[in-house]
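Some notes on the structure that comes next.
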Amino acid sequence: MSLDTMAFVLGGLLIAAGVFGGGLEVKELKLPQIVGTVRLVAVVLGAVFVVLALAINQKWIEQQRESNQSSPTESSKTFATPMYEGRRLDACVEWATRCGEEAATTWCKVQGYERAIQYPIENVGELGVSTKLIGTREVCKEKFCASFTEITCTK
């Protein structure tokens with residue numbers, strides 16, 4: 001039985017004991033008769049255990065959700081403004097072809113990773129920044145030159 005389940009069951013039993021005043025029997029479990037302040041304490045402690053159980057369960061759900069997203073993990077790494085031979089990496093492998101994922105994945109392989117999973121692109125030519133194509137090693141100095149803002153590679 002998991003911790004959140006145990007906390008929930010215990011909380012439920014304490015709330016039941018506080019509300020009904022004890023004197024409950026469930027199989028081998030016998031709760032004695034309780035009165036006054038002890039009943040109030042049982043309800044409060046029961047509520048605390050139920051909230052604790054729900055919080056533990058919610059945290060576990062969030063962790064599972066995060067691990068299922070294609071976000072960076074131990075086997076991935078994000079490289080900001082990737083460079084190739086001293087210049088910003090062009091978004092294409094060759095002039096105006098094989099752009100985006102293929103160029104990013106080719107660069108990731110050079111870095112020792114299997115493929116690219118995130119690779120946002122920006123126009124840097126308008127800013128006067130030149131880029132270098134990873135396939136042909138040509139330099140782009142035009143206003144239409146594009147590069148990656150970052151590349152996330154994974155193994």
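No lab work stands behind these numbers, since they all come straight from the coordinates. On a predicted model such as this, the values are computed, not experimentally measured, just so you know. Glycine also receives a Cβ, built like all others from the backbone with ideal geometry; neighbour counts cover every protein chain displayed.
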Residues that are out of contact with any helix residue (DSSP H, G or I) (no Cβ under 9 Å at 6 or more places or on another chain), hydrophobic (A, V, I, L, M, F, W, C) and buried (at least 19 other Cβ atoms within 10 Å of the Cβ), drawn from region 118-133: VAL124
Selection count where residues are surrounded by fewer than 17 Cβ atoms within 10 Å (Cβ to Cβ) and on the phi < 0 side of the Ramachandran plot, scope region 11-33: 11
Checklist (1) of a type in the set (Val, Ile, Thr); (2) in a helix (DSSP H, G or I); (3) surrounded by fewer than 16 Cβ atoms within 10 Å (Cβ to Cβ) applied to THR136, failing item: (2)
Residues within region 1-38 that are under 30 Å from LYS59 (Cα atoms) and over 42 Å from the mean Cα position of the chain (by Cα), tallied: 0
Counted residues, region 94-117 - those being without any contact (Cβ under 8 Å) to a residue 24 or more places away in the chain and in contact with a helix residue (DSSP H, G or I) (Cβ under 9 Å, 6 or more places away or on another chain): 0
Selection within region 119-155 - aliphatic (A, V, I, L, M) and under 12 Å from LEU89 (Cα atoms): ILE121, VAL124, VAL129, LEU133, ILE134, VAL139, ALA146, ILE151
Tally of residues being assigned to a helix (DSSP H, G or I) and more than 12 Å from ALA47 (Cα to Cα) across region 1-16: 4
